[in-house]
Amino acid sequence: MVLRVLRLPTGKIAFAILLVIAALALFGPLLAFQDPLEGGAGILAGPSGAHPLGTDYLGRDVLSRLLAGSRISVLGAAQVTLVAMVVGVIPGILSVYLGSVFEWLTLRLADTLIALPFLVFAVAVTALLGNGIPQAMFTVGIMVSPLFYRVTRAATLAVARSPYVEAAIVSGATIGWVVRKHVWVKVLPPIAVALAHTAGVGFVVVSSLTFLGIGVQPPAPTWGGVLAADLGYLSFRPWAPLLPTALIMATVWACNLLADAIRDVSGEGGKALITAKGVRA
Amino acid sequence: MSLQLTDVHISAGDREFVHGVSFDLPAGGVVGIVGESGSGKTLTCRAALGILPPGFTVSSGTVSLGGRDTATLSTREWTALRGSTISAVFQDPASYLNPSLTVGSQVAEVLQVKLRLRRRAARDRAVELLDSVRLPDVYRRYPHELSGGMLQRALIATAIAAGPRVLIADEATTALDVTVQSEILDLLADLRDSTGLALVVVSHDLAVVAQLCDEVLVMRDGAVVEQGPVSDVLYAPRHEYTRLLIDEHESYGLDRFLSLDGAALEGAVLEGAVRERAPLEGADHGAAR
Amino acid sequence: MVLRVDGLEVRYGKLHALRGASLSVAPGETVGVIGETGSGKSTLARAVLGLVPASAGQIVVDGTDVTGLNTRQWRAFRRRGVVQYVFQDPLRSLDPDLTIASSLTEPLRIQGVSFAEAASRARELLKRVSLGPELLDRLPGELSGGQRQRVAVARALIVEPRLVLLDEPVSALDSSNRVRVLELLKQLRDAGTSLLFISHDLGSVAGVADRVAVLYRGEIVEQGPVRDVISRPTHPYTKLLVGSAPTLRSAAADRAARASLRALLTSEGAVS
Ligand SMILES: Nc1ncnc2c1ncn2[C@@H]1O[C@H](COP(=O)(O)OP(=O)(O)O)[C@@H](O)[C@H]1O
Ligand SMILES: Nc1ncnc2c1ncn2[C@@H]1O[C@H](COP(=O)(O)OP(=O)(O)O)[C@@H](O)[C@H]1O
Ligand SMILES: [Mg+2]
Ligand SMILES: [Mg+2]
């Protein structure tokens, strides 16, 4: 699967971008040549030799902040996605197979999560688990998990009712067998599409939480935080939001490309499910 | 002549798909076309209706409708003729009805457009038409509330709404239960008897066609391999493929349990067909394409 | 008896899909079940396979009373490969993402047979349904409808079941493919496999079955040797079935008879 994705041009581009982003996440904080927290002489300065991207409203070097923030941003988004997948995908598949009680419970839970006011929940959880990035991202992951739950459930349901799955069951297949042999390859592409979506949401959410002081404390740099700060001073530095936006967008775009590539190499069954309603649910 | 095809060839690009089909269909007459899937039955029907798929053309031969060569018709004239002179029903009735409108309103719409009836008159006539296809209470029902057989009858009502002289039924009963199929075929026969409607009945099943038709064309790979009056084709088939079709019925159909009135069906002809099956091995293309 | 169904009732919520159907299949026997769409034919087959629960009645398959089995017992029973199922729709009965080889070998693989052994069985079975081994590496999308249905039959046969349930195996096929599958079923029958052959068309069952049961609105209204049911039908629906089957002799004279049978059936339906 991975090899087939890499053979496609879209797959190559997506991988290249994600590789750069990953490198930024790994080495970015080391590359930050100025202390991202240290205010300097001029505030809201334009680009110069010392500050290639200028300084922010506290006089901190913007480029350094972006570089230093990349690890938190990327790891944050990755964590959101991972939590959402584990909490969404597995119950999504099992809700079809584990009987009506489990199905009812998970469905209600998903509905509740969707209905819950996001910020109230986030504040409550951070109050409970402590105010830190992992806690906040965990919360966000839980909040977006209904997307994965629904996508997976819709796809699994479509597959579970198909004659070929019944044929396997009639031959004595276990649930595990059916999921491994028939369900998995078909739910993977819709999940990949949802994944790209969530990664994007993850970036944006990390920033809005930073803004509110939940999870990430304001001095700690993130891409979203830089963007939020820039947006506050548009009249002084109108071009400033471009770079953080570009970084976020490139990542989201790469994820989308990857989703497309996965869809292109996925089999008939998976393709049919992507165009089905589930993905948009 | 209501509909006349003279040596019609149908091509797309430089590939020919139908290699010469001819028949004369008088008013009240019934012509049947039999053949396995992919043999060119639908293309032939579409040529008669002037709705060949993009890229396909009648590359030689003529289709004439009510004595007029249809090659001379403008698009506008064709549109006027379709429905009011020649009309058709196909295999999948559900896809030809709008799911969000009631069945009755769709029949009435045809009447308003084609016959320029006022709304009130169109509605009354639509109710009559639905009655005539034995769907008395469906005017206000939506397509999804009807069974496959009922949908097909509703579509027949729509097709005959503007009083065409020719109705083409292309595999119109293929997807239906046998009892429902006979209901549709009986309905078509009744319509022919009562209104003189001429029919083109297309099926892959020789028996379906045989019940209704005066003349049969047996098609294979785009060519007409046998053509003639039903009784000749059934009782004295000349082409091995026709014999094979008959044999299939003889060995697997109901026929051998029922007393046959045609003695010629038994015996030598069929034995021959069984033996000649071998060369036709590998004739397995079709359905999936 | 390979299969004995006694007073079987199945409900889907309010809908009473089967109302006390009884039926049996002897070893080596082929029984046809005929009925219109919605009469409960698939429900009958699915109940026998444990895919829908019975609300009353008893089902005994090859000496095992399957009526009260729990999930685990069902799985153990199914792995014995006593009974297999061929679905109506050849387009959807094979996983579009699996090669023919994987689909064919699946029942054996579930039983724990090694892939190499299962693959050689698969090759034999393809031959038995007159398909070449070159199909093994193909995907279902690359096969014609008739070929797919024969693969589906081969998959059912790979575990050498005693009973095969066939749910409208030829309804979606055109006549030459239909004959091929029917011929295949005949061979199976002659080799001693019991078949329950479900169809809406008496005609396609007549050439293969020993006995037929006519299912009408969830009840078996008539049952007997093929010849008797066809030549002396008693229930109006059976009469209509016989009168509706496309036969080669001209049926113009029967039109009126069919119309009165239909009227009779609709008036009965309105009463019950
Ligand atoms: N729209 C189309 N595009 C390409 N090929 C077509 C199209 N319609 C029909 N054909 C080809 O023309 C041949 C005859 O088709 P058709 O008339 O539909 O057969 P039938 O109705 O007898 O099953 C087939 O080989 C089919 O593949
Ligand atoms: N899963 C289901 N849920 C609810 N109703 C069903 C279900 N399956 C079948 N039915 C209904 O039960 C009746 C019998 O269906 P079925 O056994 O599929 O008939 P057949 O196979 O003879 O066409 C029909 O009215 C059908 O609509
Ligand atoms: Mg056609
Ligand atoms: Mg069914």
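The values are calculated or read from the model by the stated rules, or taken from the named source; none is laboratory data. Values in this document were obtained by computation on a predicted structure and should not be read as measured data. Cβ coordinates were reconstructed from backbone atoms using ideal geometry, including for glycine residues, and neighbour counts include every protein chain displayed. In case anyone asks, the SASA skips ligands and DNA or RNA and just uses the protein heavy atoms, side chains included. Shrake-Rupley method; radii C 1.70, N 1.55, O 1.52, S 1.80 Å.
A few notes on this one:
- Gain on full stretching of the segment that runs from C:Ser231 to C:Asp190 - 0.36 nm per residue minus C-alpha separation: 12.3 nm
- Positive minus negative residues near C:Val52 (Lys, Arg vs Asp, Glu; Cβ under 10 Å): +2
- Solvent-free Debye scattering, log10 I(q)/I(0), computed from the Cα coordinates of the stretch B:1-61 at q = 0.18, 0.22 Å⁻¹: -0.62, -0.90
- Net charge contributed by nearby residues that have their C-beta within less than 14 Å of B:Arg165 (K/R +1, D/E -1): +3
- Shape summary of the stretch B:1-105, radius of gyration then Dmax from alpha carbon positions: 14.8, 44 Å.
- Label-to-label distance, nm, for residues given as A:Phe121 and B:Ile51 (7 Å Cα→Cβ offset): 5.0 nm
- Interface C:B - total buried accessible surface [probe 1.4 Å, Å², rounded to 100]: 4000 Å²
- Average silhouette area of the stretch B:173-221, convex hull of alpha-carbon atoms, in square nanometres: 3.7 nm²
- On Cα atoms only, tilt of C:115-128 relative to the major axis of chain C in degrees: 40 degrees
- Mean separation of Cα contacts under 8 Å, 6 or more apart, over the residue count of the stretch C:106-201: relative contact order %: 29 percent
- Ranking A:Ile17, B:Ile246 by solvent-accessible area of protein heavy atoms (1.4 Å probe, all protein chains present), from largest to smallest, gives A:Ile17, B:Ile246.
- Computed from the C-beta positions of C:Met1 and C:Ser130 and an R0 of 22 Å, the FRET efficiency is 0.10 to the nearest 0.05.
- Converting the Cα gyration tensor eigenvalues of the stretch B:29-158 into ellipsoid dimensions via √(5λ) gives semi-axes, longest first, of 29, 19, 13 Å.
- The stretch B:128-215: radius of gyration over Cα atoms, expressed as a fraction of 2.2 N^0.38 Å: 1.05
- Debye equation applied to the C-alpha atoms of the stretch C:1-157, log10 I(q)/I(0) at 0.13, 0.14 Å⁻¹: -0.71, -0.81
- A Förster distance of 56 Å, applied to the separation of the beta-carbon atoms of C:His16 and A:Ser48, puts the FRET efficiency at 0.10.
- Candidate residues C:Lys14, A:Lys12, C:Lys186: accessible-area rank, largest first, probe 1.4 Å: C:Lys14, A:Lys12, C:Lys186
- Folded to 0 to 90 degrees: helix C:175-190 orientation relative to chain C principal axis, Cα: 80 degrees
- If a spin label sat at a point 7 angstrom from the Cα of C:Glu268 along the line to its beta carbon, the backbone N atoms of the stretch C:192-224 nearer than 14 Å would be those of C:214-223.
- Whole-number accessible area per residue in Å² for the protein assembly as shown, which is evaluated in the context of all protein chains at 1.4 Å: 42 Å²
- For the set A:Ile142, C:Ile34, the ranking by accessible area, highest first and with no ligand, DNA or RNA atoms included, is A:Ile142, C:Ile34 under a 1.4 Å probe.
- Theoretical FRET efficiency, 1/(1+(r/R0)^6), r = Cβ-Cβ of A:Leu30 and C:Arg123, R0 56 Å, to 0.05: 0.40
- Averaging 1/r across all pairs of distinct Cα atoms in the stretch C:97-159 and inverting the result yields a Kirkwood radius of 11.2 Å.
- Taking every alpha-carbon pair within the protein assembly as shown, the share separated by more than 38 Å comes to 55 percent.
- Inter-label distance, nm, simple model (7 Å from Cα along the C-beta direction), C:Arg138/B:Ala94: 2.8 nm
- B:Ser59 long-range amide H proximity, modeled H, under 5 Å: B:His9, B:Ile10, B:Ser11
- Across all Cα atoms of the stretch A:93-174, the radius of gyration (one decimal) and Dmax (whole number) stand at 17.0, 52 Å.
- A straight line joining the Cα centroids of the stretch C:39-75 and the stretch A:144-161 runs 29 Å.
- Accessible area (Å², 1.4 Å probe, nearest 10) - B:Leu43: 30 Å²
- The stretch B:86-188: trypsin sites (Lys or Arg not before Pro) in DSSP loop, at most 14 other beta carbons within 10 Å: B:Arg116, B:Arg118, B:Arg140
- Whole-number D in µm² s⁻¹ for the stretch C:95-203, Kirkwood Cα-pair radius fed into Stokes-Einstein, 4 °C, 1.567 mPa s: 91 µm²/s
- B:His204 - accessible surface, heavy atoms, 1.4 Å probe, Å² rounded to 10: 30 Å²
- Taking 1.002 mPa s as the viscosity and 20 °C as the temperature, the Stokes-Einstein diffusion coefficient of chain B based on its alpha-carbon Kirkwood radius rounds to 107 µm²/s.
- Taken along the Cα-to-beta-carbon direction at a fixed 7 Å, the label points for B:His144 and C:Val113 span 4.4 nm.
- Cα shape, chain C, gyration tensor, a/c 1.5 rule: oblate
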